[in-house]
Amino acid sequence: MEEDLFQLKQLPVVKFRRTGESSRSEEDGISGISGISGEHEVQIEGVRTELEPVELGDGAAVPKEFANPTDDTFMVEDAVEAIGFGKFQWKLSVITGLAWANAMEMMILSILAPQLHCEWRLPSWKVALLTSVVFVGMMSSSTLWGNISDQYGRKTGLKISVLWTLYYGILSGFAPIYSWILVLRGLVGFGIGGVPQSVTLYAEFLPMKARAKCILLIEVFWALGTVFEVLLAVVVMPTLGWRWLLILSALPLLLFAVLCFWLPESARYDVLSGNQEKALATLKRIATDNGAPMPLGKLVVSRQEDRGKMRDLFTPHFRWTTLLLWFIWFSNAFSYYGLVLLTTEFFQAGDVCSISSRRQEVKAKCSLTCEYLTEEDYTDLLWTTLSEFPGVLVTLWIIDRIGRKKTMALSFLVFSFCSLLLFLCVGRNVLTVLLFIARAFISGGFQAAYVYTPEVYPTATRALGLGTCSGMARVGALITPFIAQVMLESSVYLTLLVYSGCCLLAALASCFLPIETKGRGLQESSHKEWGQEMVGRGSHSPG
């Protein structure tokens, strides 16, 4: 008898829960026992064993060998999956989307630059610097905001960055001279660098099956923000001027600042930092909002780890992932913003072949030549911005079919192919189609990277990993004007070749990523093998 009992203790502990049953009090001394109707099969060292069910008083069947009333536990991942997607996630989607609508602060650069060029008689290099200083601020702060989010909480980092952006965005509208607006827009960029942390917070509340689709749909708020900015400029610029445009562009962030007090802290972060009771309260709040029951048992407290440490991104398991992701994010921003700059040049020239002669004509003009944006210019801006929506739809359709890695690789390949086709002297209509397709796919690749990156890193370094990747993207955005504008003056074809070659390398980097996150949950601890929480915790060491 004692020998049989000893052998039974060596077996892996398997948890059984019944969906739809409420949690029982831990003070009863006995954790809730749940069952699964039908057959119960347990995989033990490759052997498939059928177990005899035992009927309980409430009609549930629990395998008698594994009925363990004193050790029924669950993790945050189990709770999020059991509660599912519901009213709470819908509200979270809208609030997170308001933060993501900070695209208005980026889109305003293409509208503000020519206006200040005319009003303040700025030379071209000062106008370009006004754009670059925003990316400098974003690049310098992305890692910092990621570190803050890992150290002090996702909600804390996101709230501070949004309030920072809102404050300096409104102040920009009162800038009296060029030097003031240059500094203030740089500080706005510093705040925008932390807004991607909204994706970290959002992803940690999403069940596995809905995660990719929801994060991609959040990207729609970016596209909506750019469209709204153009429409706002059409109304405000002729009457109230650029100062009111800067102030009104902060409205989505102002609304987020009011609603952000509703946001809960990530339950995954709370568990990792040792706040088990706070995490459990958050999960109960989500269950109440969604009208779903909590899982039975006790919430497992993950091992407390040092959070937000750069060295954790370069452990043997994540070293290649980090380096490849940095290059992928760099290539995404380098190509995306490069295409935005090239689109204006190509449209003004009519086609690729005549762009060189046009650049020579521009050189002969005074650098202070003033050209205000016309209604036709706003229309062109609107049409090019609308290409973001097909990119979302295509990525949404393929990302759960072929996986994250292949989606990013496909996006880079299509962009590279369209860039090579621009070598041909195509007409304006074909040129528009090629640019439209290229922008749709490169934006789709960007969105796929936003899905993959929070999924691949554990909770302890998730925000820092996303922050460093975002920082590398800003490096690409800083460099691309020198290719799309400076190199373009000497050789159109060399410029296109640089973008095409960069995206080909990025497609290879996507294929060489060591981890595919499709169909996997989020990793809680860096001390466990990747995917241990997702594929099941059917075993643990004896004792």
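The values are calculated or read from the model by the stated rules, or taken from the named source; none is laboratory data. The structure presented is a predicted model; accordingly, all values stated were derived computationally and were not measured. Because the Cβ atoms are built from the backbone with ideal geometry, glycine has one as well, and the counts that use them run over all protein chains shown.
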Does Phe441 satisfy the condition of being in contact (Cβ under 8 Å) with a residue 12 or more places away in the chain and over 17 Å from the mean Cα position of the chain (by Cα)?
no
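When you go through Trp145, Trp164 one by one, which is the residue that is within 17 Å of Val199 (Cα to Cα), assigned to a helix (DSSP H, G or I) and modelled with pLDDT of 80 or more?
That would be Trp145, the only listed residue that is within 17 Å of Val199 (Cα to Cα), assigned to a helix (DSSP H, G or I) and modelled with pLDDT of 80 or more.
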Being of a type in the set (Phe, Trp, Tyr), assigned to a helix (DSSP H, G or I) and not assigned by the TED database to the domain that holds Asp270, is that true of even one residue in region 456-472?
no
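Here is a yes/no grid of residues against (1) surrounded by fewer than 23 Cβ atoms within 10 Å (Cβ to Cβ); (2) among the charged types (D, E, K, R); (3) on the phi > 0 side of the Ramachandran plot; (4) modelled with pLDDT of 80 or more:
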site: Lys87; (1), (2), (3), (4): yes, yes, no, yes
site: Glu105; (1), (2), (3), (4): no, yes, no, no
site: Ser141; (1), (2), (3), (4): no, no, no, yes
site: Ser149; (1), (2), (3), (4): no, no, no, yes
Output the residues belonging to region 83-116 that are closer than 19 Å to Leu248 by Cα, of a type in the set (S, T, N, Q) and under 19 Å from the mean Cα position of the chain (by Cα).
Asn102
How about region 167-180: which of its residues are under 22 Å from Ala128 (Cβ atoms) and either of a type outside the set (A, V, I, L, M, F, W, C) or modelled with pLDDT of 90 or more (or both)?
Tyr168, Gly169, Ser172, Gly173, Pro176, Tyr178, Ser179, Trp180
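From Leu299, Leu283, which residue is over 27 Å from Asn102 (Cβ atoms), at pLDDT 85 or above and buried (at least 17 other Cβ atoms within 10 Å of the Cβ)? Break it down into steps so the answer makes sense when it comes.
On the way: Leu299 fails: at pLDDT 85 or above.
Criteria check complete, one pass: Leu283.
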